[in-house]
Amino acid sequence: MSEPNFTKTKLGLNLPTDPRWVDLAEKSLEEILTDHAYCEQKAATSCISLIQQYPDHEKLVDEVAPVVTEEWGHFRLVVQELKKRNLKLGYQRKDLYVKGLMDFQKKGGSKEDRLLEKLLTCALIEARSCERFRLLSLHVSDDDLKKFYYQFMISEAGHYKMFLGLAKHYCGEAKTQSRWQEYLAYEAGMLSEMEPQGDRMH
């Protein structure tokens, strides 16, 4: 299956990643691994925040709580990979991709409306991460790194489906799908205007 078809049919994304990104990422391995580590840390924090804000949503708590542990474990795995390669964990930098998605979130509305925005943002970040982990697992020259990123690809695909499923559960199929299409269109437009950042995961 071609990359564009995989992106559209498996993940729902409207725009495949620029092919130049993998080559740039491989040339900036310390930076991309550092950025990846902090992405995992932020994912764990986002899950904790969801639980804190919606403790009365039992299904959400049950499904998201294990992801906190998983994402923190991923952070540790990436740090170990850096050490194995005699590379250093650098400082966290601003994530313009995530900021763009946060800016697109509708403000105000009901508590469930705000939950929908949060869950769709999380789903989209996970879907794009999954796509990029897949690219790395297929196209980097280092076989060990291919295996390393394959395991992350599988994990992110599950998280993407979980967040989207929770949105449908709490906010309804029709409302979720309508807003999800808006997010996909916005994200595609945003990425089309951004130069591929080889030192960033997004």
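None of the figures in this text is laboratory data; all of them are computed from the coordinates on show. The shown structure was predicted, so the numbers you read here are calculated from the model rather than taken from an experiment. No Cβ is skipped: glycine too gets one built from the backbone with ideal geometry, and neighbour counts run over all protein chains shown.
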The one condition ARG93 fails out of (1) under 19 Å from PHE75 (Cα atoms); (2) part of a helix (DSSP H, G or I) is (2)
Is it the case, given these coordinates, that ALA174 is without any contact (Cβ under 8 Å) to a residue 60 or more places away in the chain, aliphatic (A, V, I, L, M), surrounded by fewer than 15 Cβ atoms within 10 Å (Cβ to Cβ) and part of a helix (DSSP H, G or I)? yes
Can you tell me which residues in segment 35-76 are of a type in the set (Val, Ile, Thr) and more than 15 Å from the chain's Cα centre (by Cα)? ILE48, ILE51, VAL61, THR69
I need a count of the residues in segment 19-68 that are of a type in the set (Asp, Glu) and more than 16 Å from VAL140 (Cα to Cα). 6
Please give the number of the condition VAL79 fails out of (1) over 22 Å from ASP143 (Cα atoms); (2) under 19 Å from the mean Cα position of the chain (by Cα); (3) in a helix (DSSP H, G or I). (1)
Which residue, of GLY189, GLY108, is assigned to a helix (DSSP H, G or I), of a type in the set (Gly, Ala, Ser) and surrounded by fewer than 15 Cβ atoms within 10 Å (Cβ to Cβ)? GLY189
Looking at ASP95, ASP23, which is the one that is out of contact with any Pro (no Cβ under 6 Å at 6 or more places or on another chain), among the acidic types (Asp, Glu), touching a residue at least 60 places away in the same chain (Cβ under 8 Å) and buried (at least 16 other Cβ atoms within 10 Å of the Cβ)? ASP95
Given the conditions (1) closer than 17 Å to CYS122 by Cα; (2) buried (at least 17 other Cβ atoms within 10 Å of the Cβ), and given that GLU81 satisfies all but one, which numbered condition is not satisfied? (1)
